[in-house]
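Okay, structure first, notes after.
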């Protein structure tokens, strides 16, 4: 390995993600706790930059910010989703694999809580590593994802545009997969915990596309 290439270093104690004030919590370890730059090397020994917090615990301020962002997204989407009770939506032909209506609020509540905690863990980890460029890109990717998330309901329910809604859903699915990748790069456990979000948005794209096909 090139002497100037940063290498991942595991420090003690192991990192954990703990958010007792969230709807659910994660406690585990992962090996990629820190990246040490060439400037932190001394001879053949490496002196890792140890977190003053002793790990990668999610900061309350960070998770409050991501929770606020997801809450705004959920609220914006819910305003348009009221049209799910409209005569227009009830008249649409729907595929046999569409979940029951009661499943959607349950799934989305869990996913929004998931996004809030896992994205906060990634942001804090990147901040702790002082990878500020990667942190800015992550926050931008998260913001784009939430905008797409909230937009779908307005295109589908409020505007009644089935094909454009499928396009938005596909963009959201791609954005969600990218967000999971970025999260996993920062905190592997958090990336794994966020993966159901990418899976669900992929399923939502298929569902939206099928509804558009049936009612074209």
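How much length is gained on full extension from residue 140 to residue 72, taking 0.36 nm per residue of separation minus their Cα-Cα distance?
Numbers: separation 68, 0.36 × 68 = 24.48 nm, distance 1.62 nm.
So the extension gain works out to 22.9 nm.
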Item to check | In nm, spacing of pseudo-spin labels at residue 61 and residue 79 (7 Å Cα→C-beta vector) | outcome: 3.0
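Values in this text are rule-based calculations from the coordinates and carry no lab data. Since the structure is predicted, the reported quantities are computational estimates derived from the model, not experimental observations. Heads up, the Cβs are rebuilt from the backbone with ideal geometry, glycines too, and the neighbour counts pull from every protein chain shown.
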